[in-house]
Amino acid sequence: MKKEKYNVAVVGATGAVGEQMREVLEERLFPVGELRLLASERSAGQFLEFRGEEFRVEVLREDSFNGIHIALLSAGGNVSANSAPLAVAAGSVVVDNTAHFRMEPDVPLVVPEVNPNEIAHYKRRGIIANPNCSTIQMVVALKPIHDAARIKRIVVSSYQSVSGAGRIAMEELGQQTAALFSGKELKKEKFPHQIAFNCIPHIDTFLDGGYTKEEMKMVNETRKILGDASLRITATAVRVPVFCGHSESVNIETEKKLTAKDVKAILREAPGVLLCDDPERNIYPMAIDAVGKDATLVGRIREDDSVPNGINLWIVADNLRKGAALNAVQIAEILIRDYL
Ligand code: NAP
Ligand code: 3JN
């Protein structure tokens, strides 16, 4: 029987993603009954606002999920590895924002505009995985093109904002920028090099072969979501001194020829996409315009004449919203509408 309200736990509630979770749940009028905000000992006792009320942050414990219907996890992979099974045992459905379960074959990896039917398989483990932010915005834009003309190869370079690395990383960009103007010492904690006024071609750890984990997340998650293991993808992930909003330069080769006009017509109708493509009026997607928006912005669409069926695109989204919290809440909305 349908419930009027659902008890929701947010694990990592004090983080950059957790903050957006509260905002998105409130904005979209998600039918939250009890809200449980969970974090570590460091921030227990803090108060955070939701729907005009103050909620006390609690320490995540073994019994934190008792009575919870939906658990939204974003406190890192290790926390998810430990707490997802506890949540499932307590009867919650888990929507996990970390990489921990994404590539497990019996865990659906879902972007609601792309593969919403996968949510039906949540029962296998009680867990649904949210993809990496860079994957989400790319597949929102590419899925309708893939359906129309079958994409054979993707070359993507990401320009990822510091908010993707969490709250402390945002403070680090602010501190370094101010320090460079006032001759103070630069603090380096999150990034291996100065991020202010710099670009760092290194996100997450390096793997054998020279790619980073972040780059391989884009490769493997895209194949899983589009259900096409033969898709050829290569990625370069770069951290840029932008506070919020990830941008991507994406080059695709399709089986069937599409003109730039065809691609624009497809994307004008695509769910979750906002076409921003009028170069004569200097209109193209930019991170500053994507922040706070739900849509994935796509522009700079043009034919790549260096290969038979090539197209270039520039894809931008708010990494904390569509790249994390919004996508998770959209999954939860489908769960309660169709399955719980
Ligand atoms: P953040 O700003 O650093 O926040 C981390 C959050 O996790 C804080 O609330 C922190 O609580 C909590 N936490 C850390 N260790 C914990 C523990 N042992 N027990 C309970 N809570 C703990 O990071 P963020 O940007 O919000 O990202 C958090 C995680 O979300 C990432 O590690 C990543 O796995 C995932 N993420 C996913 C995407 C995506 O692409 N879908 C994007 C960004 C992040 P305290 O305040 O107590 O420290
Ligand atoms: O760096 C970014 O822009 C996105 C970062 C995502 C992230 C950060 C720390 C741990 C993840 C993720 O979602 O893949 C993880 C992780 O869960 O491994």
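The values are calculated or read from the model by the stated rules, or taken from the named source; none is laboratory data. Bear in mind that the values here come from a model prediction, so they are computed numbers and not experimental data. All Cβ positions, glycine included, derive from the backbone under ideal geometry; neighbour counts span all protein chains shown. Protein only, heavy atoms only, side chains kept; ligands, DNA and RNA dropped before computing areas. Shrake-Rupley method; radii C 1.70, N 1.55, O 1.52, S 1.80 Å.
Across region 29-36, computed HN-Hα scalar couplings (Karplus, 6.51 cos²θ - 1.76 cosθ + 1.60, θ = phi - 60°) run 6, 4, x, 7, x, 7, 10, 10 Hz from first to last residue, x flagging Gly and Pro. State, to one decimal in nm, how far the label point of ALA260 lies from the label point of ASP278, with both points 7 Å from Cα in the Cβ direction. About 1.6 nm separates the two model spin labels. Anything over 24 Å Cα to Cα? Flag those among LYS257/LYS322; LYS224/LYS256; LYS190/LYS224; LYS2/LYS143; LYS152/LYS261; LYS190/LYS217, in the order listed. Over 24 Å apart, Cα to Cα: LYS257/LYS322; LYS190/LYS224; LYS2/LYS143. For region 65-73, 3J(HN,Hα) computed residue by residue from phi via the Karplus equation (6.51, -1.76, 1.60; θ = phi - 60°) reads 9, 4, x, 8, 8, 10, 10, 9, 9 Hz, glycine and proline entered as x. Annotation: per residue accessible area for region 261-340 equals 45 Å², rounded to a whole number [probe 1.4 Å, protein chains only].
Out of every Cα-Cα pair in region 1-94, what percent are more than 20 Å apart? The proportion of pairs with Cα distances above 20 Å equals 29 percent. When the alpha carbon coordinates of the chain are projected onto the principal axes, the ranges are 59, 58, 42 Å, largest first. The H on the amide N of ILE233, modeled in the peptide plane, is under 5 Å from the matching H of ILE154, each at least 5 residues off or on a different chain. Residues with amide H under 5 Å of ARG36's amide H, sequence separation 5 or more or different chain, H placed in the peptide plane at 1.01 Å from N; which? Here VAL8, ALA9, VAL10 satisfy the definition. For VAL93, the residues 5 or more places off, or on other chains, whose built amide H falls under 5 Å of its own are ILE70, ALA71. Computed 3J(HN,Hα) for region 165-176, one whole-Hz value per residue from the Karplus formula 6.51 cos²θ - 1.76 cosθ + 1.60 where θ = phi - 60°, is 9, x, 4, 5, 5, 5, 5, 4, 5, x, 4, 5, glycine and proline marked x.
Roughly to the nearest percent, how much of the accessible area of the chain is carbon and sulfur, given a 1.4 Å probe? With neighbouring chains kept in place, the figure for the chain is 50 percent. A 1.4 Å probe run over the protein chains yields, for region 149-226, 52 Å² of accessible area per residue, whole-number rounding. The angle separating the long axis of helix 133-149 from the principal Cα axis of greatest extent in the chain is about 50 degrees. Can you tell which of ARG300, ARG42, ARG61 shows the greatest fluctuation in a Gaussian network model of the chain with Cα springs below 10 Å? Its mean-square fluctuation being the largest, the pick is ARG42.
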